[in-house]
Amino acid sequence: MRVAVIVPAAGSGHRFGAGDKLASDFGGRPVLLRSVEPFTKRDEVDAIIVAGPPDDLESFRDRYGAPLGFLGGTVVEGGRRDRWETVLRALEAVPEGCTHVAIHDGARPLLDDELVDRVFEAGRTRAAVIPGVPLRDTLKKCGAELFEAAERDATVDAILGLDDDGAAGDILGGEDDGESQAPPPGHQVAAREVQETVSRESLYRVQTPQLFEIELLRRAYAQSDLEGATDDAMLVERLGEPVTLVEGDERNLKITTQQDLEIARALGGIRGDGGRPSHKRF
Ligand code: CTP
Ligand code: MG
């Protein structure tokens, strides 16, 4: 098995908000390099192709070109809008002789060697392999409409000892000076109507790396309609070809929001300010 690794890193990080999630510090190195590192020491890996943002490729190269080169990686131009566009472009850079392609999000810095082992081992006998973890929570389908669930209610006000202006009275120990006050913090609660409970049986949250025989992946990406694909396996499924799920890793989370970064740092024992792991702090 000769593997080319594609790392999509061309997203705009919209849901992350201010800052660049892939450049965020993750224990002395950026999230993106952490996501690449597990592949650099593997014998099966022949190439690591990191696809950066088309509108900002020069600064992406300035930032990552040298450290990625050191890790054996190359930078190519990704797609502007969707992840699948990025993978489609990066596929052109897969060198001759590769039998498989592994695709791993640049925003998953907690990938560990055991998970790569599982995916690569399964890839020796299966043409498309993805890691996933079973859902544990109860699932509810909800209406799209948002409403306010904490509108002031006379009964609740009476229990809380609020007077007509919402000022706290004796029960909360507040001073009632007769002037109107803002509602207590947390008074507004956005809510939705629950429609039904959805069975979680047989449902998995899937992760990357996803591994494919190269011919199968090329065929999947040669389909005329790639719209709506949120992972690579989905395009293989559209061909009607089988996809195999192996045990993923709860820690291998994708950094989407600022909170995900905090959680990932906590899981990795990493301080938020670029310092050493917390267990080596002293
Ligand atoms: N990605 C990509 N090209 C795109 C869109 C996404 O290479 N056109 C990459 C991201 O850089 C990330 C991975 O795909 O490493 C997973 O995508 P996601 O977590 O959705 O990241 P973003 O698209 O950057 O974030 P958002 O959707 O919040 O804008
Ligand atoms: Mg996205």
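For every other residue with a beta carbon closer than 15 angstrom to the beta carbon of GLU193, add +1 if it is Lys or Arg and -1 if Asp or Glu, then tell me the sum. After counting each charged neighbour, the total is 0.
For THR256, the accessible surface of its heavy atoms amounts to roughly 20 Å² (probe 1.4 Å, protein chains only, rounded to the nearest 10).
Computed over protein heavy atoms with a 1.4 Å probe, the carbon and sulfur contribution to the accessible area of the stretch 208-275 reaches 48%.
The trypsin sites (Lys or Arg not before Pro) of the stretch 82-137 that meet both conditions, a loop assignment by DSSP and at most 15 other Cβ atoms within 10 Å of the site Cβ, are ARG124, ARG136. Counted by Cβ distance under 14 Å from LEU110, the other residues give a net charge of -2, where Lys and Arg count +1 and Asp and Glu count -1.
The values are calculated or read from the model by the stated rules, or taken from the named source; none is laboratory data. Here the structure is a predicted model, which is why all the values come from computation and not from measurement. Glycine also receives a Cβ, built like all others from the backbone with ideal geometry; neighbour counts cover every protein chain displayed. Protein only, heavy atoms only, side chains kept; ligands, DNA and RNA dropped before computing areas. Shrake-Rupley method; radii C 1.70, N 1.55, O 1.52, S 1.80 Å.
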